[in-house]
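Asks: Starting off with a structure, shown below.
The values are calculated or read from the model by the stated rules, or taken from the named source; none is laboratory data. Everything quoted here is computed from the prediction, not taken from an experiment. Every residue, glycine as well, gets a Cβ built from its backbone with ideal geometry; the counts of neighbours run over all protein chains shown. These accessible areas exclude ligands, DNA and RNA; they are computed on the full protein's heavy atoms, side chains included. Shrake-Rupley method; radii C 1.70, N 1.55, O 1.52, S 1.80 Å.
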Amino acid sequence: MDQFKYRRRQMVREQIQRRGVSDPRVLEAMEEAPRHLFVRPHLAAQAYEDFALPIEGGQTISQPYIVARMSEMLDVQSHHSVLEIGTGSGYQTLILARLAARVYSLERVGELARRAIERLRQFHLDNVKIQIFDGTVGWSDVGPFDRILVTAAAPSVPKPLLDQLKIGGKLLVPEGSRANQQLVLYEKTSEGLHKLSGEAVCFVPLIGRHGWNASEE
Ligand code: SAH
């Protein structure tokens, strides 16, 4: 039992369950995942607080509640193949790895991807692959996917990602402006695309061919 176990239990109860996340698999994954190992050492004491924290490259590790909410909304099953866009610290990747059969994660910032790979090594996961690439074009070699999670803010859902979603598949993306977005869940059915809007969020921008322009960064 690590020194933060109690803090994590408290985080799950007070920040996550209290706001209505109830999927037991998600709650268990959140209670097990040592978020303090995904932030810089001087921020470890704040790792279980109710906010996002800065990571390298001007990016952020999402607020624990948002990670839990998105994981629940995406409805990830143990046989699923999941594509994640925006590896960042690798924290959300670890949660997905506990929920799904396979996780493919793309990160555009090389330094972040390399650190995430290094960090995740200690968990001996055999179901995660991370690559340095513009995630807005997806990962067609290993698709189509049952689930796609975009963890950066898109002006609108990148079309290649919808193309790489299976029929019956779900894609969750924060859509909106660079400053403010709303979680949007797309479900691909044989009749077409269903769209469901969720809560207001604030993510760093998704930068790439089907995202925001890098020059405005
Ligand atoms: N899920 C992460 C949060 C990362 S913040 C975590 O739990 O830590 C969003 C990440 O998306 C940043 O690391 C950013 O570099 C990355 N990103 C932005 N545009 C991207 C793109 N086109 N392809 C892949 N990653 C991208």
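Asks: Using only helices, what value at 222 nm comes out for the chain when you add -39,500 (n - 2.57) per DSSP H run of length 4 or more and divide by the total residues, to the nearest 500 deg cm²/dmol? Walk me through the numbers before you get to the answer.
Replies: Numbers: 6 runs with 53 residues, N = 217.
One gets -7000 deg cm²/dmol as the mean residue ellipticity at 222 nm.
Asks: Taking only protein heavy atoms into account and a 1.4 Å probe, give the accessible area per residue of the chain in Å².
Replies: 46 Å²
Asks: Among DSSP beta bridges whose residues both lie in segment 51-194, state the antiparallel percentage, nearest 5.
Replies: 40 percent
Asks: Check which residues have an amide H placed less than 5 Å from G208's amide H, if you skip close sequence neighbours.
Replies: So G208 has HN proximity to A214.
Asks: Could you pull the Cα extents of the chain along its three principal axes, largest to smallest, in whole Å?
Replies: That gives 48, 37, 34 Å along the principal axes, largest extent first.
Asks: Setting aside same-chain residues fewer than 8 positions from K129, which lysines have a Cα under 26 Å from its Cα?
Replies: K159, K166, K170, K188
Asks: Under a Cβ-Cβ cut-off of 12 Å, what is the net charge of the residues other than I95 that fall near it, where Lys and Arg count +1 and Asp and Glu count -1? Walk me through the numbers on the way to the answer.
Replies: Numbers: positive: R25, R35, R69, R98; negative: D23, E28, E31, E32, E72, E84.
That works out to -2.
Asks: What is the mean projected area of the alpha carbon convex hull for segment 122-181, to one decimal in square nanometres? Walk me through the intermediate numbers first.
Replies: Details: hull surface 21.4 nm².
For segment 122-181, the mean projected area of the Cα convex hull comes to 5.4 nm².
Asks: Right, next: Select from V128, S62, P155 the residue farthest towards the positive end of the dipole of segment 44-165; place +1 on Cβ of Lys and Arg, -1 on Cβ of Asp and Glu, and compute about the Cα centre.
Replies: Of V128, S62, P155, it is V128.
Asks: Turning to a different aspect of this structure: Might you report the magnitude of the Cβ-based charge dipole of the chain about its Cα centre, with Lys and Arg at +1 and Asp and Glu at -1, to the nearest 20 debye? Could you put the intermediate results ahead of the total?
Replies: Details: 27 positive and 26 negative charges, 67 e Å.
Dipole of the chain, to the nearest 20 debye: 320 debye.
Asks: Right, something else. May I ask you to give the percent of accessible area on segment 5-141 that is carbon plus sulfur, with a probe radius of 1.4 Å?
Replies: Working: 2770 of 6010 Å².
Here it works out to 46 percent.
Asks: A follow-up question, please. Please work out whether segment 114-217 counts as rounded, prolate or oblate from its C-alpha gyration tensor, where a ≥ b ≥ c are the square roots of the eigenvalues and a/c under 1.5 means rounded, while otherwise a/b larger than b/c means prolate and anything else oblate? Write down the numbers at each step before the final one.
Replies: Working: a/c = 1.65, a/b = 1.14, b/c = 1.46.
It comes out oblate by the Cα gyration axes.
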